[in-house]
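The block underneath contains the structure these notes are about, expressed in structure tokens.
The values are calculated or read from the model by the stated rules, or taken from the named source; none is laboratory data. Here the structure is a predicted model, which is why all the values come from computation and not from measurement. FYI the Cβ positions are ideal-geometry reconstructions off the backbone, even for glycines, and counts take in every protein chain you see. Just so you know, the surface numbers come from the protein's heavy atoms only, side chains and all, with ligands and any DNA or RNA stripped out. Shrake-Rupley method; radii C 1.70, N 1.55, O 1.52, S 1.80 Å.
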Amino acid sequence: ATHASIYHRTTYHYDRPIRLGPHVVRLRPAPHCRTPILSYSLRVEPEEHFVNLMQDPYGNYSTRLVFPEKTTKFEVIVDLVADMTAINPFDFFLEEYAETFPFRYEDSLRLELEPYLKVTDSCDDLRDLASRFEPRSSITTNDFLVEVNQELEKLIDYNIRMEPGVQSCQETLEKHSGSCRDSAFLLTQLFRSLG
């Protein structure tokens, strides 16, 4: 297996002592991620601080830091090693009602999934793209997912972007390029558009 070491450091220097408010740090992989985390460390300066480890409603880790004294430096360092084990993306099963696309979620499940089905970045180009994938007849859901991914891979060129944030769907579709986060966001919005 391949091990990946990730080192993240954020440092702020202040020209005079300041009081830091509480900070919430979200720099730890979720416990339910498929990539095993072999080691993880979080170092914070100033060294005198209180730590509360928490999990949000989705099971993601966060660390709340409270600083009792003023400081001229704030630094957060995360060091981790991940086991980059090959994962079969098709190692899942589908409920019988979802084996072919299109399908309809059961009412109780649809209610729970509602936040994840809401399109948050719509544009004419996204609606046009979604209409290209509306099935004329029933197709296995796996084949449908592969087809959409393959078409998007042909449509959007991958590039490395150092700018923060995610491009809008409109921008990614107009440029026909984006970073992995831009393509992932576009794919998410596209699947949401298709229900």
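Each stretch of four or more DSSP H residues adds -39500 (n - 2.57); spread over every residue of the chain, this sum gives -9000 deg cm²/dmol at 222 nm.
Straightening the chain between Leu53 and Ala1 buys 15.7 nm, computed as 0.36 nm per residue apart minus the Cα-Cα spacing. Per atom type, the stretch 1-136 shows carbon and sulfur on 51% of its accessible surface, probed at 1.4 Å. Positive contributions from Lys and Arg (+1) and negative ones from Asp and Glu (-1), summed over other residues with Cβ under 14 Å from the Cβ of Phe191, come out at 0.
Take every Cα pair under 8 Å whose residues are at least 6 apart in sequence, average their separation, divide by the length of the chain, and the relative contact order is 21 percent. Max-minus-min Cα coordinates of the stretch 12-93 on each principal axis give 56, 25, 17 Å, with the largest extent listed first.
A crude spin-label estimate for the pair Tyr116 and Ile77, with each label 7 Å from Cα along the Cβ direction, gives 3.7 nm. This model, with +1 at the C-beta of Lys and Arg and -1 at the C-beta of Asp and Glu, gives the chain a dipole about its Cα centre of some 760 debye. Seen against the Cα atoms of the chain and their longest principal axis, helix 180-193 is set at about 50 degrees.
Shape class for the stretch 136-195: prolate, because the ratio a/c of the largest to smallest gyration tensor axis (alpha-carbon atoms, square roots of eigenvalues) is 1.5 or more and a/b beats b/c. The residues of the chain expose on average 68 square angstrom of accessible surface per residue, using a 1.4 Å probe on protein heavy atoms. Taking N as the number of residues in the chain, what value does Rg over Cα atoms divided by 2.2 N^0.38 Å take? Here the answer is 1.31, to two decimals.
In the chain, the longest principal axis of the Cα atoms and the axis of helix 141-155 are about 70 degrees apart. Averaging 1/r over each pair of different alpha-carbon atoms in the stretch 75-148 and inverting the result gives 16.0 Å, the Kirkwood hydrodynamic radius.
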